[in-house]
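Peer 1: The structure's right below; bear with me while I get my questions together.
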Amino acid sequence: MASAAAGENLKINSERLWDSLMEMAKVGPGVAGGCNRQTLTDEDAEGRKLFQKWCEEAGMTMGVDAMGTMFMTREGTDPEALPVYVGSHLDTQPTGGKYDGVLGVLGALEAVRTMNDLGIKTKHPIVVTNWANEEGARFAPAMLASGVFAGKHTMDYAYARTDLEGKTYGEELERIGWKGNEEVGARKMHAYYELHIEQGPILEAEGKDIGVVTHCQGLWWLEFTLTGKEAHTGSTPMAMRTNAGLAMARILEMVQEVAMDHQPNAVGGVGQMQFNPNSRNVLPGTVVFTVDIRTPSIEKLTSMRSQIEERAAAICDEIGVGCSVEPVGHFDPVTFTPELVSNVRNAAEKLGYSHMDIVSGAGHDACWAAAVAPTTMIMCPCVDGLSHNEAEDITPEWAAAGTDVLMHAVLETAEIVE
Ligand code: HGY
Ligand code: MN
Ligand code: MN
């Protein structure tokens with residue numbers, strides 16, 4: 001089949017893409033229509049095998065690194081040329097959606113499938129990538145494997161991360177049989193592209209098909225451990241209590257206040273908390289929770305963190321509760337590579353898709369890829385901006401538009417060979 005000229009408005013096979021998304025969604029199903037395919041679980045292993053099968057059917061060869069990240073290579077014509085990497089993640093939140101991360105991985109696969117259909121050759125190889133443990137839901141921090149790849153975390157730190165049952169990343173990676181032999185970060189990238197659902201309301205509200213992602217907001221995950229005194233919730237007089245639960249409640253309220261004081265474009269909240277001993281009639285001895293704060297402004301990020309830590313210490317002093325804080329996740333605001341951002345914008349223009357520049361609210365593996373290679377992202381809308389919820393939803397048209405733009409931007413960088 002004649003290879004297509006770069007200028008032609010090539011389109012991917014949207015039915016095939018949608019079928020693959022629906023097929024992958026059956027692996028590690030949730031209880032309300034979404035997915036529970038948490039990293040390094042048996043469900044994750046099953047999803048990896050399905051992805052490997054599809055990629056090998058598309059003529060790609062697999063490499064796996066020691067963090068379990070999967071690299072599926074489509075050869076280029078110039079073996080000396082560094083590859084263009086394109087991907088995202090297949091792991092999900094415990095009550096995740098069908099598209100967060102998955103669209104980026106299977107969209108990249110669909111782009112390769114379409115290149116195969118059209119007999120397109122590229123100078124640079126193309127590597128479709130499934131980053132391990134993007135979510136950080138089971139093993140904090142988020143984007144752990146891409147963080148090791150970018151030299152932000154050591155392998156020892158990563159392997160020692162534990163889930164709520166005390167299992168370590170290293171043990172679980174061995175158990176599911178996906179510990180690869182490649183040195184993490186040894187691969188060099190010519191460029192990295194990532195397609196992702198927006199996970200926010202802007203594109204849908206503005207009626208835009210494509211988000212041209214120029215930046216990603218920065219983040220701190222601050223894990224607080226508050227130490228109170230276990231005591232009977234019934235017979236202990238109020239004046240005699242050292243109540244870590246009360247301190248936690250006041251800190252949560254304060255985090256909300258600090259985030260609102262830093263508007264616009266700042267967020268703060270808590271998603272995970274453990275009471276110990278977590279018994280209905282025992283005041284907690286310890287309360288452990290992680291504060292998640294984010295903003296595109298490095299000044300605001302620094303200011304929010306210091307205000308929250310100072311005010312939390314004062315709250316705990318007043319109640320007589322011990323307070324320790326450990327940062328368990330961080331990246332500064334990211335600026336993506338202008339040349340690649342232009343490729344995305346030009347592709348959307350050429351294909352006739354409405355588009356707007358956008359800053360990513362969520363963190364992505366692209367945030368760490370940007371530390372080691374020219375990098376950018378493409379976003380598609382999601383219904384009501386909802387994500388990290390089993391009701392997460394997109395339309396086949398949004399999925400196809402995002403994947404069309406991804407393919408064109410990748411081809412621009414990978415250079416079609418006539
Ligand atoms: O936390 C995040 O932003 C991403 O979903 N891991
Ligand atoms: Mn994601
Ligand atoms: Mn996510």
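Peer 1: I want to confirm something. Restricting to region 133-145 and keeping residues that are among the hydrophobic types (A, V, I, L, M, F, W, C) and part of a loop (DSSP other than H, G, I, E, B), which single residue is nearest to ligand 1 (Cβ to nearest atom)?
Peer 2: Going through the qualifying residues, I end up with ALA142.
Peer 1: Go through region 16-33 and give me each residue that's within 30 Å of MET115 (Cα to Cα), buried (at least 18 other Cβ atoms within 10 Å of the Cβ) and of a type outside the set (A, V, I, L, M, F, W, C).
Peer 2: The answer is SER20, GLY28.
Peer 1: Of the numbered conditions (1) touching a helix residue (DSSP H, G or I) at 6+ places or on another chain (Cβ under 8 Å); (2) surrounded by fewer than 23 Cβ atoms within 10 Å (Cβ to Cβ), ALA137 satisfies every one except a single condition; which is it?
Peer 2: (1)
Peer 1: Go through region 99-119 and give me each residue that's outside any helix (DSSP H, G or I) and either in contact with a strand residue (DSSP E or B) (Cβ under 6 Å, 6 or more places away or on another chain) or of a type in the set (Asp, Glu) (or both).
Peer 2: Across region 99-119, the qualifying residues are TYR99, ASP100, GLY101.
Peer 1: Kindly provide the set of residues from region 165-178 that are in contact (Cβ under 8 Å) with a residue 60 or more places away in the chain and either crowded, with 17+ Cβ neighbours inside 10 Å or within 16 Å of ligand 1 (Cβ to nearest atom) (or both), ordered by number.
Peer 2: Across region 165-178, the qualifying residues are TYR169, GLU172, LEU173, ILE176, TRP178.
Peer 1: Hey, can you tell me all the residues within region 159-184 that are over 22 Å from CYS55 (Cα atoms) and in contact with a Gly (Cβ under 8 Å, 6 or more places away or on another chain)?
Peer 2: Scanning region 159-184 gives TYR159, ALA160.
Peer 1: Let me ask you something else. If I ask for residues that are within 16 Å of ligand 1 (Cβ to nearest atom) and assigned to a loop (DSSP other than H, G, I, E, B), which ones from region 375-390 would you list?
Peer 2: Within region 375-390, CYS382, LEU386, SER387, HIS388, ASN389, GLU390 qualify.
Peer 1: Among the residues of region 345-374, what is the count of those that are within 16 Å of ligand 1 (Cβ to nearest atom) and of a type in the set (S, T, N, Q)?
Peer 2: Number of matching residues: 1.
Peer 1: Given (1) of a type in the set (A, V, I, L, M, F, W, C); (2) more than 16 Å from ligand 3 (Cβ to nearest atom); (3) touching a residue at least 40 places away in the same chain (Cβ under 8 Å), where does ALA137 come up short, assuming only one miss?
Peer 2: Unmet for ALA137, out of (1) of a type in the set (A, V, I, L, M, F, W, C); (2) more than 16 Å from ligand 3 (Cβ to nearest atom); (3) touching a residue at least 40 places away in the same chain (Cβ under 8 Å): (2).
Peer 1: All but one of (1) away from ligand 1 (no atom under 16 Å from the Cβ); (2) crowded, with 24+ Cβ neighbours inside 10 Å; (3) under 21 Å from MET377 (Cβ atoms) hold for GLY68; state the number of the condition that does not hold.
Peer 2: Going through the list (1) away from ligand 1 (no atom under 16 Å from the Cβ); (2) crowded, with 24+ Cβ neighbours inside 10 Å; (3) under 21 Å from MET377 (Cβ atoms), GLY68 breaks only (3).
Peer 1: Consider region 107-125. How many of its residues are over 21 Å from the mean Cα position of the chain (by Cα) and either within 16 Å of ligand 1 (Cβ to nearest atom) or aliphatic (A, V, I, L, M) (or both)?
Peer 2: Going through region 107-125 one residue at a time, the tally reaches 4.
Peer 1: How many of the residues making up region 183-197 are more than 12 Å from VAL127 (Cβ to Cβ) and surrounded by fewer than 23 Cβ atoms within 10 Å (Cβ to Cβ)?
Peer 2: Final tally of qualifying residues: 3.
Peer 1: Sticking with this one: Restricting attention to region 44-92, which residues are over 21 Å from ARG175 (Cβ atoms) and part of a loop (DSSP other than H, G, I, E, B)?
Peer 2: The answer is ALA58, GLY59, MET60, GLU75, GLY76, THR77, ASP78, PRO79, GLU80, ALA81, LEU82, PRO83.
Peer 1: Now, a different point. Does TYR85 qualify as being within 14 Å of ligand 3 (Cβ to nearest atom) and either in the same structural domain as GLN199 (by the TED database) or of a type in the set (A, V, I, L, M, F, W, C) (or both)?
Peer 2: It is false that TYR85 is within 14 Å of ligand 3 (Cβ to nearest atom) and either in the same structural domain as GLN199 (by the TED database) or of a type in the set (A, V, I, L, M, F, W, C) (or both).
Peer 1: What are the residues in region 263-296 that are within 25 Å of PHE139 (Cα to Cα), surrounded by fewer than 16 Cβ atoms within 10 Å (Cβ to Cβ) and within 16 Å of ligand 1 (Cβ to nearest atom), if any?
Peer 2: Hits for region 263-296 are GLY269, GLY271, GLN272.
Peer 1: Given the options GLU257, GLU253, GLU204, GLU299, name the one that is surrounded by fewer than 20 Cβ atoms within 10 Å (Cβ to Cβ), in a helix (DSSP H, G or I), out of contact with any Leu (no Cβ under 7 Å at 6 or more places or on another chain) and in the same structural domain as TYR193 (by the TED database).
Peer 2: None of the others qualify; the one that does is GLU204.
Peer 1: Taking GLU110 and the conditions (1) in contact with a Leu (Cβ under 7 Å, 6 or more places away or on another chain); (2) over 30 Å from ARG16 (Cβ atoms), which numbered condition does it fall short on, given that it satisfies the others?
Peer 2: (2)
Peer 1: Picking from VAL128, VAL148, which residue would you name as being in contact with a Cys (Cβ under 9 Å, 6 or more places away or on another chain), more than 15 Å from ligand 1 (Cβ to nearest atom) and either within 19 Å of HIS89 (Cβ to Cβ) or assigned by the TED database to the domain that holds ILE293 (or both)?
Peer 2: Result of the check over VAL128, VAL148: VAL128.
The values are calculated or read from the model by the stated rules, or taken from the named source; none is laboratory data. Everything quoted here is computed from the prediction, not taken from an experiment. We place every Cβ from the backbone using ideal geometry, glycine too, and count neighbours over all the protein chains shown.
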